[in-house]
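Below is one structure, written out as structure tokens; the observations come after it.
The values are calculated or read from the model by the stated rules, or taken from the named source; none is laboratory data. Note that this is a predicted model, so its numbers are computed, not measured. With ideal geometry, Cβ positions are generated from the backbone for all residues, glycine too; neighbour counts draw on all protein chains shown. Ligands, DNA and RNA are excluded from the accessible area calculation, which covers all protein heavy atoms including side chains. Shrake-Rupley method; radii C 1.70, N 1.55, O 1.52, S 1.80 Å.
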Amino acid sequence: KILKAVMTVVRILVAILLTGTVVCTSLQIITRYVLGNPLSWTEQVTRYLFIWLVGLGIPLSFYEGGSFKFDILIKKLGPKVGFITDIIVWAAILGFSSYYFYWSLQLVIKAGHKLSSGIEMPYYFLYGIQPVCAFLLVWITLDDIWKRVQKSKAQRLNGKEDK
């Protein structure tokens, strides 16, 4: 339930970030090409918003089941091969996300206090999305594993094979 609430907030943030990206980009186009006097901050703000948009969009995609799979191949090979494939994918995601979380956190700690040129925003805001993204991916993957194990247990109790 907590993950569902967090991902609802993430979904809202993604919508806000997308809107902000479109507004800043449109503002840049209007001020540059229509008014002939571009704003100095819109390009960098748009870049930061887009980085956060992608960083939150990745775990949101995984949460909503949008991860890449070879469904046709897995369905042809049967449920046991599908389960083994899921285990390999879960292990890969957990391994990568844990590694990514650790090293991105190190980056935030070591370089986050520096200021960006232009709008002079601390890099905490730019680099901070990386450990957030990695943490959410770990959480979503562990939740997916938990749900799969519970479903498998329920099916065994009912006498049905795992599908």
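Can you find, among 102, 157, 61, the residue farthest towards the positive end of the dipole of the chain? Put +1 on the C-beta of Lys and Arg, -1 on that of Asp and Glu.
157
Which of the peptides 17-29, 143-155 is most tightly packed, and how do the rest follow, judged by the mean count of other Cβ atoms within 10 Å per residue? Write down the numbers at each step before the final one.
On the way: 17-29: 15.6, 143-155: 12.8.
My ranking of the peptides, most packed first, is 17-29, 143-155.
Would you mind counting up the charge near residue 123? Only other residues with Cβ under 14 Å from its Cβ, with Lys and Arg at +1 and Asp and Glu at -1. Numbers along the way, then the final one.
On the way: positive: 47, 110, 114; negative: 120.
Result for the local shell: +2.
Can you compute 3J(HN,Hα) from phi for each residue in the stretch 113-125, using the Karplus curve 6.51 cos²θ - 1.76 cosθ + 1.60 with θ = phi - 60°, rounded to whole Hz and x for Gly and Pro?
In residue order, the calculated couplings are 6, 5, 9, 6, 6, x, 8, 6, 9, x, 5, 3, 5 Hz.
Cβ under 15 Å from residue 53's Cβ, residue 53 left aside: what net charge do those residues give with Lys, Arg +1 and Asp, Glu -1?
That works out to +2.
Starting from the alpha-carbon convex hull of the stretch 1-90, give the projected area averaged over all orientations, in nm².
Taking a quarter of the hull surface, the average projection is 8.4 nm².
Of the heavy-atom accessible surface of the chain (probe 1.4 angstrom), what whole percent is carbon and sulfur?
Carbon plus sulfur share of accessible area: 70 percent.
Over the stretch 1-126, give the accessible area per residue in Å² for a 1.4 Å probe, as an integer.
Ligands and nucleic acids excluded, the figure is 69 Å² per residue.
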